[in-house]
Every structure is written in structure tokens, then in C-alpha cells.
Amino acid sequence: MTHSFDTVIIGAGAAGLFCAGVAGQLGLKVLLLDHSEKVAEKIRISGGGRANFTNRDVTPANFSGENPHFCRSALARYTPRDFTALMERYRIPFHEKHKGQLFCDHSAEDLIQMLLAECAAGGVQRWQPCSIKSIRSPGAAGASCYELDSDRGIIAARSIVVATGGLSIPKIGATDFAYRVARQFGLRVVQPRPALVPLTFDGAGWAPYAQLAGLSLPVQISTGSKKAQTTFLEDLLFTHRGLSGPAVLQISSYWAAGAPIRLNLAPGHDVAQALTRAKTSSRKRIANELAALVPSRLAEAWVQQDSRWQRPVSDAPDKALMLLAERLARWELTPTGTEGYKKAEVTAGGVDTRDLSSQTMESKQPGLYFIGEAVDVTGWLGGYNFQWAWASAFACAQAL
Ligand code: FDA
């Protein structure tokens, strides 16, 4: 038996659920399916269970990808204010944490229930768990529309929306489905890679810093060439295997394997001036003077690097103090890798935007759309990835 729909949306995560609700309410007969039993597992675990569902200040500059302008149109047509208006309609309380980040007051579950209610209002049919084994395009073997072989029978639909996300967190159902479908239809895929992910360092080289695991401090972090440098001012977290915290998660999306990252461990402080001044008036050890500017655990570990730094500040040669200040302000190190998809919040890369319409998310294969994280658009930490899911889903739903 063949089940006929106007559109079939594959993947009931953030983008798929939202797209299904909007398309259904526009009058389309929509099937939304997911290979998992539960919908929206990523929304459920996001933002510590409270979902950082958008950001008050969203601009294309908060996104990366081969074409940084691709996201512009969709973001302009569905804004954070549009999404918060929907939350308000459902009386879901939310609050701003910092840097414009908006979270649910109670639970991410409120958001999921809202998206499901929107689907119900649009008469969306949901099939879970349900997997797609193959897709035949219109024209193939006499088919007048797409035909999908699913484990619940054959589905016929005018259009297909692929909303299966990226590869992050495989244990909750991430797959490479979107990339496989793209390749089947001759679309290009930008090599996927883990992003918003902790960075790791060589075991022996990292040994002196492993003792700092658990330490957090504000830093300035950057990567890239002088011409194309990306910089963030955020908190850094030392771990046993390397570096994490918002600073490193943010920079990881811009980091190219083999390239160095640069850290200023005392942003906002003139360390050279502070130490030179202390030299004339203090009998304290350098580490103690430094502890006024950075956490004392870091100060103690930092001075271990050079015997000239392990003495009272008054006895230290000016040159040694200058070197210390310079090293602290420009700590350059090259990660050996990342913690991988197991720990990555998102996947950078994905379906190549050169093969998609920025107005509709339709691919060069007519009737085949890609939305959300499957696309080569990666947002910063702070609610931007969900805003891309809503905005790309909305743009797509208008065009189906
Ligand atoms: P999403 O991954 O949400 O959904 C894809 C769906 O497709 C899933 O339901 C999956 O089961 C299904 N699927 C996959 N393969 C399939 C197949 N072969 N067949 C059928 N179904 C298939 N972002 C943000 O803005 N704020 C935040 O607070 C957070 N926090 C956060 C925490 C953690 C731990 C992670 C891992 C991620 C975040 N994110 C985030 C990122 C955010 O969750 C992510 O960008 C969006 O969920 C992407 O939405 P999509 O709908 O594109 O994919």
C-alpha cells in the first residue's frame, strides 16, 4: 500500500518539527518521521535541560560556513522575536541568561510540547520509529513524485525535506542520512567535522597543564591568519585532556586541524606594567604577584616554566618579567585534535549551500529540501543553532 502526502519531512528534531507545524498549518498534508522513538532528543538535553532556544541578537556574523551570507535571508524572515512571540502565545516562561541567550524557565520539555502542539494544529502525521531505506525521484521507473521505501510501507510525496541534523552525539540517534541523500542526487557536501567541541593536546606536552583541570578563567582566544582572524572573549576551562569552556567551544568552529590557537590569559590587564611596578615595592614571589591578575593555581603552574620566574619579583631581571607577561598574553599552542562527535554540540560542514536556494532551502534537485544542522551553516554557542533550525525550517515551509 502506498501512503500519499504533499511532503514528507525526515527527522523530527528542532528543524523538522517546526517545519512540519508551519507547513501543516499552511494546508499541506505532511508526514513527519524519525527513526528514533522519541522526538527532539537534542532539544531535551540542550542548555542543561532548559534549552537555550534562541538569542536576542542574531546576525549572519554569528554563523560560519563556506558561504557566510547564505543564512542572511532566512534569518531576516524569521527572527528571534518571531519565535519568542510563539512561546508567549503558549505562555511558556523564559529568561535571558547572559549575552542575549534565552532559556526556558522550567524545562526544554515545554518547548517540545509547543512544537508538537503546532504539528497537531497542522494535522501533521507522525511516524516513529520509522526508517527510510531508499528514495526514488520523480520520473524514475514511471514515478510521478518521490517514492520512499520505509519500514512502514511506500510513501509517495511531491517534496522531501531532509531535517536529520549532523553527526554530533551518535548515541542519541545522529546519522549521516542527509549527506547520503545529498550525494545520491549529485549535491555537494562540505566535509563534516565536529564543532563547538573541546580541543585536545598531546599527552606529554599537556602534562604540565593537566594539574589545572577544573580551573576556569576569562580569556581572549583567537585562531586564523592575521587577515582572517577570529577572536572571542569568553571563559576557558582546563580539562585533563586539553581545553574546553565557551571560549574553546566557540573557537573550535573556526579551528583548522594543524593550526595554532592563541590565548591571552589575562585580558584587560597590563601584566608587564603590574610586575614592573611590583618590582620596586614588593617582596612577594612572582607567583603571588601574578595571582592578583589570574587565578592562583594558574599563576603557580605558569611560573614553573622558567626558573627565573620562581623568585621574589624584586630579584627578577626585567627581561624575565617581560617574557612572562608576553607569554601570558600570547600563549600559542596547537591542538592535536578534538573530543570528536561524542562531545561536539554541532557538526560544521554539511550540505553545500552552493547547491541550495537561500530563499527556500530547495536543492538543485527539484522538490528536495535540506534544513537545520544538515546544511553547511554553523552557529555560535548561545542559541544561534536553534535559531537557524527555526529560520531555515520556516523559509522552507513557505515554499513547499
Ligand atoms: P536535530 O539533531 O535536532 O534533529 C535531527 C533528527 O533527525 C533527530 O530527531 C534524529 O533522531 C533524526 N534522524 C537522524 N538520522 C535519521 C535517519 N537516518 N532517519 C530518520 N531520522 C533521523 N543549540 C542551541 O541553539 N542552543 C543550545 O542550548 C544547544 N545545546 C545543545 C546541547 C547539546 C548537548 C547538543 C548536542 C547540541 C546543542 N545545540 C544547541 C545544538 C542544537 O541541538 C542543534 O543544532 C539542533 O538540534 C539542530 O536541529 P536539527 O533539527 O537540524 O537536528
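On alpha-carbon atoms, Rg over Rh for segment 253-365 using Kirkwood Rh? Intermediate results must be reported in sequence, preceding the final value.
Values: Rg = 22.1 Å, Rh = 17.3 Å.
We get a ratio of 1.27 for segment 253-365.
Please list, ordered by chain and number, the residues whose modelled amide H lies under 5 Å from the amide H of Ser4; skip anything fewer than 5 residues away on the same chain.
Long-range HN contacts for Ser4: Ala156.
When you take every Cα atom in the chain, what is the radius of gyration, and what is Dmax, the widest Cα pair distance, in Å?
Just the Cα atoms of the chain yield Rg and Dmax of 24.9, 89 Å.
Where the centre of each part is set by its Cα atoms, how far does segment 112-172 sit from segment 240-291, in angstrom?
Each part's Cα centre sits 49 Å from the other's.
Using Cα pairs closer than 8 Å and at least 6 residues apart in sequence, work out the relative contact order for the chain, in percent.
On the way: 916 pairs, mean separation 96.4, N = 400.
Relative contact order, the chain: 24 percent.
Hey, what's the Kirkwood Rh for segment 138-265 if you take every pair of different alpha carbons, in angstrom?
Numbers: mean 1/r = 0.0550 Å⁻¹.
Answer for segment 138-265: a Kirkwood hydrodynamic radius of 18.2 Å.
If the reach is capped at under 18 angstrom between alpha carbons, list the aspartates and glutamates near Lys133, excluding any in the same chain fewer than eight residues apart.
Once the sequence-local aspartates and glutamates are set aside, what remains near Lys133 is Asp34, Glu37, Glu147, Asp149, Asp151, Asp176.
Only counting other Cβ atoms within 10 Å, I'd like Glu373, Glu147, Glu37 sorted with the fewest neighbours first.
Working: Glu373 34, Glu147 19, Glu37 9.
Least crowded to most crowded, the residues run Glu37, Glu147, Glu373.
Give the average over all directions of the projected area of the C-alpha convex hull of segment 24-134, one decimal, in nm².
8.8
Between beta-carbons, use under 13 Å as the cut-off and find the net charge around Arg262, counting Lys and Arg +1, Asp and Glu -1.
Within the 13 Å Cβ shell, the charges total +1.
Need one number: nm distance between label points at Ser296 and Lys133, each 7 Å from Cα along Cα→Cβ, rounded to one decimal.
6.7
Within the P(r) computed for segment 1-73, what percentage of the Cα pairs occupies the region above 15 Å? Please list the in-between numbers first.
On the way: 1794 of 2628 pairs.
The answer is 68 percent, as a whole percent.
Quick one: which residues, 5+ away or cross-chain, put their amide H under 5 Å from the amide H of Thr54? H built at 1.01 Å from N.
Leu102
Using Cα centres only, tell me the gap between segment 381-400 and segment 206-230 in whole Å.
Cα centroid to Cα centroid, the span is 31 Å.
Radius of gyration and Dmax for segment 191-243's Cα atoms, expressed in Å?
Here Rg and the maximum Cα pair distance are 12.9, 35 Å.
Residues with amide H under 5 Å of Leu32's amide H, sequence separation 5 or more or different chain, H placed in the peptide plane at 1.01 Å from N; which?
Answer set, sorted by chain and number: Ile9, Gln125, Arg126, Trp127.
How much net charge surrounds Asp318 when only the other residues with a Cβ under 13 Å from the Cβ of Asp318 are counted, with Lys and Arg +1 and Asp and Glu -1? Numbers along the way, then the final one.
Details: positive: Arg277, Lys279, Arg308, Lys319; negative: Asp315, Glu326.
Neighbour charge sum, excluding Asp318 itself: +2.
Label points 7 Å out from Cα along the Cβ direction at Gln229 and Ala85: separation in nm?
If labels sit at Gln229 and Ala85, their model points lie 4.2 nm apart.
Quick one: which of Lys38/Lys343; Lys99/Lys227; Lys42/Lys364; Lys284/Lys319; Lys38/Lys364 span more than 24 angstrom between C-alpha atoms?
Working: Lys38/Lys343 21 Å; Lys99/Lys227 27 Å; Lys42/Lys364 29 Å; Lys284/Lys319 18 Å; Lys38/Lys364 31 Å.
Long pairs (Cα-Cα over 24 Å): Lys99/Lys227; Lys42/Lys364; Lys38/Lys364.
Given segment 84-152 reduced to its alpha-carbon atoms as identical point scatterers, what log10 I(q)/I(0) does the Debye formula return at q = 0.15, 0.16, 0.24, 0.28 Å⁻¹?
-0.71, -0.74, -1.04, -1.19
Could you tally the net charge around Lys171, taking each other residue with its Cβ under 10 Å from the Cβ of Lys171, Lys/Arg +1 and Asp/Glu -1? Could you put the intermediate results ahead of the total?
Values: positive: Lys342; negative: Glu41.
For residues surrounding Lys171, the net value is 0.
All of the numbers you see were taken from the coordinates with simple rules; none came from a lab. Keep in mind that this is a model prediction, so the values were computed, not measured. Reconstructed Cβ throughout: ideal geometry from the backbone, glycine too, with neighbour counts over all protein chains shown.
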